[in-house]
Each structure stands twice: as C-alpha cells, then as structure tokens.
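Contents: one structure, followed by commentary.
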Amino acid sequence: MFERLAKSGQEFAEQTKEHIAEYADAGLRTLVIAYREIDEQEYVEFNEQFTEAKNLVSADREEMIEEVAGKIERDLILLGATAVEDKLQNGVPECIDKLAQAGIKIWVLTGDKMETAINIGFACSLLRQGMKQIVINPETPENKALKSDEKSAAAAAFKASVLQQIAEGKRLLSSSTKNSEAVALIVDGKSLTYALEDDVKDNFLELAIGCASFICCRSSPKQKALVTRLVKSKTGRTTLAIGDGANDVGMLQEADIGVGISGVEGMQAVMSSDIAIAQFRFLERLLLVHGHWCYRRISSMICYFFYKNIAFGFTIFFYEIYASFSGQAVYNDWFLSLYNVFFTSLPVIALGVFDQDVSSRLCLKFPPLYQEGIQNVLFSWLRILAWLFNGVLSATIIFFFCIRAMQHQAFRKGGEVVGLEILGATMYTCVVWVVNCQMALSISYFTYIQHLFIWGGIVFWYIFLIAYGAIDPDISTSAYQVFIEACAGSGLYWLLTLLVLIASLLPYFAYSAIQMRLFPLYHQMIQWIRSDGQTDDPEYCHIVRQRSLSHTTVGYTARFEAKSKSSKERARDH
C-alpha cells in the first residue's frame, strides 16, 4: 500500500508504519486505509478495461487484471491504519501438533505482516524459542536506497538479495542438519515474487522443504496458489490446502485436496473446496481417523481384488494345462459369470466401507499411525506382489488337491470316478470357501453386515447350486442335479473342501502370526497393546510412539522434547 501512495499523501506514513509495527507485535491483524478521488470518465474507462480483463480466458488473465487494477490504485492519500484481534480457534495448536506427529509437512501462507505471522507461528508451536530462523526479506538498507531509482535496477537488486539470502539459508540448513537442529524459514511476499521465478524457484523449494517450518507472510492470493503449484509439480507429493476466505480460493483449487472452513470470512472458500468443515480442529479427525481408515480400506480392497481373481483364474489356467489346452472349460458358464457378482463381491464392498484396523480414539491417540499412508506401507509393490503370490499359491493348492484326490478315487457306489461336472463343482466350492474365509482372516473389525456378506456368499453358493441344478438340463447343462445327486451325499466332497480350506489358509495364517510377533507394523503394535489392555499405560504408549517412522520437528510435543533435551545437556555439562 505504501508504494502506491502519492508524494503528497505520505504525510503520516512513518507514524503509520510505527503503529502497524506495534499492532503486529501485539499479534493483531492490520489494515492500511488510503483513498483517491477520481472523476466519472476515469472510472468508466477503468470499469470497461477491468470487465474486459476479467472476461479473458487466456493464460495471462491474472496478470491483465493486476495491470488494470494497478492503473487506478495509484497516487493514493494515506488515511491511517486499523487493527483487530484475530484469535486462533480452539484446538488449533493441538491439531497442528498431532498433524506434525503424523508426518505431515505444515506450511503457513498468510497475508499478515511478518511480525503477526511470527506471533501466530509461536502460538501454534510452529516456531519455538531457540529455533534457528532463516528470514528472507529484501528490505535491506542498500535496497531501500534504490527505491527512488529506476525500477529495473531496484528489481535486479532485490532479486540478487533474495538469491544471496537463499544461498546463506541453504548453508545454515546443511550445518543445522548435521547437528539435528530444526530450522524455520520465514519469507515475505516481495521476496516470494522473486523466489518463484523460473531460475530461482528450484533452489527456493529445496530450502523450504529442508526446513521444519515454513511461514510466508504478506502473500497475495496468486502467490499462495503458485506456491501450492510449485510443491505439487516439483515434489510429486499430495498437497492439501485449508483456508477460510476468498483470498484462499486459488490455493484451494490448485491443491490436490481443498478444505474450506465455514465462518465469519464468508462462504467463498467452502464453495471452492472439496471438503467443508466448521473449525480447523476438525482437520485432525478428517485426516488422522478417516484418512487412515480410507487408505487402509482402499489398499486392502484392491489387494484382495487381485487375490480373489487370481486364485479363481489360475485354477482355470491350471486345468487348461492339464487338459492340453483343449478349450474345455472346467466350470459351468454361469459359475464363471456369477463369481464376481454374488459369491465374492459383497465382502469386498463391506471391507471397503466398514473395516477399521484401529478405533478412532486410538487413531487420535497415536498420530504416527498416519505415517503408514505417507510411507505407503500398505500399498507398496512388495505387498501387492505378496497378495498376487498368495492368490497363485491358493489356486495351486485348490487345483492339485482336487485333481489328485478325485482323479482315480471311486466316487459312486458302483466304483465310477468323478466326471468333469463334479470336479468343476468341487473346485468351485473350494474357491468360494477359500476366498471368503481369506477375507474373514484379513478383516480387523467385524460387523453384522460383514458376517452376512462373507458367510452369506458361501450359503448363497449352495442355494444357487441346488436351484440351478433343478432347472431343465438344456439350461443348467453340466450343473444339472450335480449337488443333490452327486456332491451332497459324498463324504469325499465335504472332507476335501475342509482339507483344501485349511491347506490354503495355513500359509497366510502362519505368515501373519510370525509377522505380528516378530516384525509388527505400527497399526499391529497398537492392536497388540489394545488386546492386552495397555492403551492407557504411559510406558507402553511411549514405546509405541518411539517407533514412529519419521521424527517430529514442530508442535508443542517437539517443543517439549527440545526443551527436555537441552535441559539434559545442560545438566550433563555441569
């Protein structure tokens, strides 16, 4: 605003700057007020140009709007400044602390003055006493002297100053990293303008990512969106933006996920976001509880989809090899069609909707659990290939058990061996039992719906086999009376189903038991202490938290740990 003042309108500029500094030091949000009288002709010309710029659909639309606005926002007369108290909502520091423990990188992009932004950083525990700060601000005495000179020379000097400060910051960061010290980066809006230029932004991003905290003050809505785009495009990380005002709309739309807060700032942020919440503190439940649950559900659901279809498909493939690729199908056509429709699909849907490995209370109590999603522990290539191998192994056990047990074994009282229709029905029964019971072993949180879908799928297979087998043989073909007349009365059929089920699930059961005991994942450790009733034991909880996949550098937990560490070092020195 001060750069847009007329020479005759700067009478109280210095006093106003002093007042603004006092307000900012007190943590207040400041607003500078200036005016200029314009005639009707000038306004009409401005309105036409501004409307034309807003209606552009080209890539330089924002630049054109700023250029037109700059033509009228000049030669202003300063009236003064105001300040209002902008208190943090309840639960904000606690929420930020839990998000930091969860391994989420937290950046603050605000339009407040630097002093106000720093006070907010201390209030949220993004900054703490003793934390090294890298401040990038081009307002050096040398640069201030260039303000009256040519604009291009001043811009070049500002840019050179920003480049120098970034280089110094990277040197400080490298030395602090060796000493395991947390560093905060604080940037103002003018510096950010040069830091986001093509030849500077890579170095700037490298510095920002290496710092524990990043606070950008006096940033415009466009700069917020550009910073978000830079992080998203250069790092490939998933970005989430949260804001409550119209100046956050660009940032919300640029991020992968936009969260709008409804409140006194209006509804523009909510209308432009993907998710709307009423208060900032609700973000911890949104991410740490529902975020973790959704990640686990989706990853488990996809892996199980691979498993059950490979287990089914490879039995068909093995039979084709056994039949010398004659083209003879081992299963009835309707068996093939209904496998993914009725007999195995509903348990997967229940898994994707209802499963919970850890309760919501424990998700909030152990925020590092969220790091499983950040590290992609549950959906890595190793885990996917392990499920594929499990599917191939199950198919192998099912096929060869059935073939070896029934190939030369007398099945009827007359001594006849089984035909293709009985072999197909028996193998299909084993597949339905194995994949549904595998689902029962994989689920951590049973509901009545999951019981209904898992065991109901198995029961429905028998009902379908009876009903379909009772239809005219011209329609039911190889399934005609295969269950009532052949399979149901045979002890071999039921014994083989039981043995195949046990043999197919035994490798997974053994692997899960060994992993749970010797190499537990983070959620399994929480399940372990929950089953032992030790979730309220401070010692056990501390041990589990120490197994976090990444170190916490911000938040009041990190502040307490840093203070405790420094106290121990001082005591050791004395």
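The values are calculated or read from the model by the stated rules, or taken from the named source; none is laboratory data. Worth saying up front: this structure is predicted, and the values here are computed from it rather than measured. So basically every Cβ, Gly included, is an ideal-geometry build from the backbone, and we count neighbours across all protein chains shown. Just the protein is used for accessible areas: all its heavy atoms, side chains included, with ligands, DNA and RNA removed. Shrake-Rupley method; radii C 1.70, N 1.55, O 1.52, S 1.80 Å.
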- [ ] For ILE321, indicate whether it is more than 30 Å from THR535 (Cα to Cα), open to solvent by less than 50 Å² (accessible area, probe 1.4 Å) and part of a helix (DSSP H, G or I).
- [x] no
Task: Where ASP274 falls short, out of the listed (1) open to solvent by 30 Å² or more (accessible area, probe 1.4 Å); (2) touching a residue at least 40 places away in the same chain (Cβ under 8 Å); (3) not basic (Lys, Arg) - done: (2)
TODO: Within segment 324-356, track down each residue that is in contact with a Leu (Cβ under 9 Å, 6 or more places away or on another chain), in a helix (DSSP H, G or I) and open to solvent by 30 Å² or more (accessible area, probe 1.4 Å).
DONE: LEU346
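Can you confirm whether VAL57 is open to solvent by 80 Å² or more (accessible area, probe 1.4 Å), under 23 Å from LYS222 (Cα atoms) and either part of a loop (DSSP other than H, G, I, E, B) or hydrophobic (A, V, I, L, M, F, W, C) (or both)?
Yes: the conditions hold for VAL57.
Conditions tested, residue by residue: (1) touching a Phe, Trp or Tyr at 6+ places or on another chain (Cβ under 7 Å); (2) free of Cβ contacts under 8 Å to residues at least 40 places away in the same chain; (3) of a type in the set (Gly, Ala, Ser).
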| position | (1), (2), (3) |
| --- | --- |
| PHE305 | no, no, no |
| ALA311 | no, no, yes |
| THR315 | yes, no, no |
| PHE354 | yes, no, no |
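Rundown of residues vs (1) surrounded by 15 or more Cβ atoms within 10 Å (Cβ to Cβ); (2) not acidic (Asp, Glu), yes/no style:
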site	(1), (2)
PHE509	no, yes
HIS523	yes, yes
SER531	no, yes
ASP537	no, no
VAL544	yes, yes
THR552	yes, yes
Task: Among the candidates GLU42, GLU48, residue that is open to solvent by 60 Å² or more (accessible area, probe 1.4 Å) and either free of Cβ contacts under 8 Å to residues at least 60 places away in the same chain or out of contact with any strand residue (DSSP E or B) (no Cβ under 9 Å at 6 or more places or on another chain) (or both) - done: GLU48
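Just to verify a result, which residue in segment 371-395, among those that are of a type in the set (Gly, Ala, Ser) and part of a helix (DSSP H, G or I), is most open to solvent (accessible area, probe 1.4 Å)?
Filtering first and then ranking leaves ALA386.
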Task: Selection count where residues are outside any helix (DSSP H, G or I), in contact (Cβ under 8 Å) with a residue 60 or more places away in the chain and either open to solvent by 80 Å² or more (accessible area, probe 1.4 Å) or among the small types (Gly, Ala, Ser) (or both), scope segment 61-88 - done: 5
TODO: Tell me which residues, restricted to segment 283-292, are hydrophobic (A, V, I, L, M, F, W, C) and open to solvent by 20 Å² or more (accessible area, probe 1.4 Å).
DONE: LEU286, LEU287
Task: Flag for SER299 being surrounded by fewer than 22 Cβ atoms within 10 Å (Cβ to Cβ) and more than 30 Å from CYS95 (Cβ to Cβ) - done: no
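Can you find even one residue in segment 357-370 that is surrounded by 17 or more Cβ atoms within 10 Å (Cβ to Cβ) and β-branched (Val, Ile, Thr)?
Yes.
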Open item on the list: Looking for something closer than 26 Å to ILE298 by Cβ, touching a helix residue (DSSP H, G or I) at 6+ places or on another chain (Cβ under 6 Å) and of a type in the set (Gly, Ala, Ser) - is there at least one such residue anywhere in segment 439-457?
Closed with: yes
- [ ] Scan segment 1-38 residue by residue and report those that are without any contact (Cβ under 8 Å) to a residue 12 or more places away in the chain, of a type in the set (Asp, Glu) and closer than 21 Å to MET114 by Cα.
- [x] GLU3, GLU14, GLU18, GLU22
